[in-house]
Amino acid sequence: LAMVWFAWSRKQDWLAITDFIAPLVPLGLAAGRMGNFINAELWGRPTDVPWAMVFPNVDAVPRHPSQLYEFGLEGVALFVLLWWFSARQRPRGAVSGAFLVGYGVFRFGVGYTREPDGFLGLLAGGLSMGQWLSLPMILIGAAMLTWAYRRPS
């Protein structure tokens, strides 16, 4: 809503603004996930992988450090991919669509290692709420990319 208001108040194209901002959003996501890791929030599911971590405020069970996976994928990797993608001129809406697809895919994938919300558990199809919410993001992003590249310039 803030970006819509900003675009409207300056008589700018909303998608041009979101395309400009999208490559920077992963840096904010990375900072948030690092904060989650430092605060031992949003921990992962139990595992026996060698890099598993024990979160003493949760239990004594080794768990996936899912916050670090999200930091690496939704933060660093998505930033690099979007920075590279946006370095060349793209149709309006393409960078925003790529952000939605990338963030949705990475978040969906990490959802298999992250402990689901205790009050919800796993939902239909054995997916978490975060994974279910990622699916429309991926679809909307794919639709935006298709629209951007099929629209006459």
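Quick look at the numbers
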read-out: Neighbours by Cβ (under 6 Å, 6+ apart or cross-chain): first from segment 28-49, of a type in the set (Gly, Ala, Ser); second open to solvent by less than 60 Å² (accessible area, probe 1.4 Å); value: Ala30/Gly75; Ala40/Phe55; Gly44/Arg63; Gly44/His64; Gly44/Ser66; Gly44/Thr113; Gly44/Arg114
read-out: Any hit, segment 5-26, residues being touching a Phe, Trp or Tyr at 6+ places or on another chain (Cβ under 6 Å), on the phi > 0 side of the Ramachandran plot, among the small types (Gly, Ala, Ser) and surrounded by fewer than 18 Cβ atoms within 10 Å (Cβ to Cβ); value: no
read-out: Some residue of segment 42-55 being under 25 Å from Trp132 (Cα atoms), at pLDDT below 95, out of contact with any Asp or Glu (no Cβ under 7 Å at 6 or more places or on another chain) and surrounded by 12 or more Cβ atoms within 10 Å (Cβ to Cβ); value: yes
read-out: Filter result (open to solvent by 40 Å² or more (accessible area, probe 1.4 Å), among the hydrophobic types (A, V, I, L, M, F, W, C) and under 22 Å from Ala143 (Cβ atoms)) within segment 81-99; value: Leu81
read-out: Some residue of segment 104-112 being among the small types (Gly, Ala, Ser), under 23 Å from Ile138 (Cβ atoms) and assigned to a helix (DSSP H, G or I); value: yes
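The values are calculated or read from the model by the stated rules, or taken from the named source; none is laboratory data. Predicted model, so just to flag it, every value in this text is computed and none were measured. Note that we place each Cβ from the backbone using ideal geometry, even for glycine, and neighbour counts take in every protein chain shown. Areas reflect the complete protein model, heavy atoms only, side chains present, ligands, DNA and RNA absent. Shrake-Rupley method; radii C 1.70, N 1.55, O 1.52, S 1.80 Å.
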